[in-house]
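*Asks:* Have a look at the structure that comes next, please.
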């Protein structure tokens with residue numbers, strides 16, 4: 001696996017047409033950036049997550065159960081990776097580094113695991129250290145229950161906030177009528193824990209009998225995007241809707257985001273899920289996509305490498321196979337641009353410490369976006 005093709009980008013402007021708020025067509029829109037997409041790591045079937053090591057290496061999760069280290073043009077498979085429950089959308093999923101990784105060496109993984117008494121699997125969070133191309137000191141931090149043989153909606157993005165808390169997502173696991181609205185059950189939630197798995201004393205439901213005390217927010221469907229806002233420190237999330245109604249939300253403590261009581265989507269068969277798109281006590285998305293783009297992965301652009309994109313949000317599309325750039329003003333999407341159109345199912349996107357944007361495309365690998373001078 002090594003550096004190879006360089007591909008030109010594709011540019012399409014899209015106006016916001018189906019959303020929880022209207023676009024402002026009078027805004028002075030930022031210019032697009034000319035760039036090429038340079039293939040850095042090839043031959044990866046499903047690059048679900050990636051992180052950048054201080055020594056210049058990239059750790060990449062392959063959904064089938066492999067953890068890969070790319071460095072200096074060479075790719076090495078890491079040993080002693082946890083066994084994953086590989087079914088449907090489940091497998092080895094996201095990866096994140098501790099904010100103090102250079103001091104403590106902790107890295108974090110989310111994956112589907114079959115551990116437990118019932119058949120099937122569910123989302124699991126662990127931490128470990130990397131030593132001589134092997135994971136050591138593995139520690140289980142959270143295991144969603146119960147297991148199920150359903151293959152959908154594991155969620156699984158990871159993100160740290162400015163206070164060192166670890167957030168992670170678990171999708172509703174295909175049980176929408178029970179899990180998302182019940183805080184005594186896992187699934188359809190965003191969770192918050194300490195870096196060692198302890199439950200924060202100020203989590204919103206720690207005093208409620210029977211509650212899953214790691215829960216931070218609920219009423220989610222299948223969140224596959226989590227990112228900390230570069231200025232406010234707030235956690236932003238996106239999640240898959242059914243047929244329509246993919247959402248971007250700003251995650252707040254104890255809030256209910258409505259699924260499936262309110263939604264902008266419908267069943268895949270075309271029938272209604274509910275007549276309600278809003279309800280008192282349930283938070284609205286700041287944006288929703290209809291038709292669904294099947295969002296996966298997201299990052300804010302803060303780099304000087306792409307000056308016209310600073311502050312923009314990048315989101316991958318699995319369904320339509322492109323990278324979407326969203327211009328946001330006052331927490332409203334005012335402009336959208338389609339990038340890398342047709343290159344493949346875009347699974348992950350991150351800004352590296354060197355300022356370059358990297359994207360993971362299924363069946364191809366990891367690309368770096370290289371601005372033209």
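Rule-based calculations on the coordinates, nothing more; no lab input. Just so it is clear, the structure is predicted and the values come from calculations on it, not from any experiment. FYI the Cβ positions are ideal-geometry reconstructions off the backbone, even for glycines, and counts take in every protein chain you see.
*Asks:* What FRET efficiency do you get for residue 134 and residue 102 if R0 is 25 Å and r is their Cβ-Cβ distance, rounded to the nearest 0.05?
*Replies:* 0.80
*Asks:* Wrap a convex hull around the Cα atoms of the stretch 221-373, take a quarter of its surface area, and give that in square nanometres.
*Replies:* So the Cα hull casts an average projection of 9.9 nm².
*Asks:* Using the basic label-point model (7 angstrom from Cα toward the beta carbon), what is the residue 163 to residue 117 distance in nanometres?
*Replies:* Between residue 163 and residue 117, the simple spin-label model gives 3.5 nm.
*Asks:* What translational D, rounded to a whole number of µm²/s, comes out for the stretch 6-371 from Stokes-Einstein when the hydrodynamic radius is the Kirkwood one over Cα pairs, at 25 °C and 0.890 mPa s?
*Replies:* After rounding, the answer is 119 µm²/s.
*Asks:* Further, regarding this structure: With N residues in the stretch 273-336, what two-decimal value do you get for its Cα radius of gyration over 2.2 N^0.38 Å?
*Replies:* 1.32
*Asks:* Report relative contact order for the stretch 6-371 in percent, whole number only (criteria: Cα-Cα under 8 Å, sequence separation at least 6).
*Replies:* Over the stretch 6-371, the number comes to 17 percent.
*Asks:* Can you pull the one-decimal nm distance between simple spin-label points at residue 243 and residue 64, each 7 Å off the Cα toward Cβ?
*Replies:* In this crude label model, residue 243 to residue 64 measures out at 3.3 nm.
*Asks:* Based on the Cβ-Cβ distance of residue 230 and residue 275, what FRET efficiency does E = 1/(1 + (r/R0)^6) give at R0 = 41 Å, to the nearest 0.05?
*Replies:* It comes to 0.60.
*Asks:* When every alpha-carbon pair in the stretch 62-127 is counted, what percent end up more than 16 Å apart?
*Replies:* 53 percent
*Asks:* Can you order the peptides 118-130, 210-222, 193-205 by their average number of other Cβ atoms within 10 Å per residue, highest first?
*Replies:* Ranked from most to least packed, the peptides come out as 210-222, 118-130, 193-205.
*Asks:* Per-residue ellipticity at 222 nm for the chain, helices alone: DSSP H runs ≥ 4 residues times -39500 (n - 2.57), over residue total, nearest 500 deg cm²/dmol?
*Replies:* 0 deg cm²/dmol
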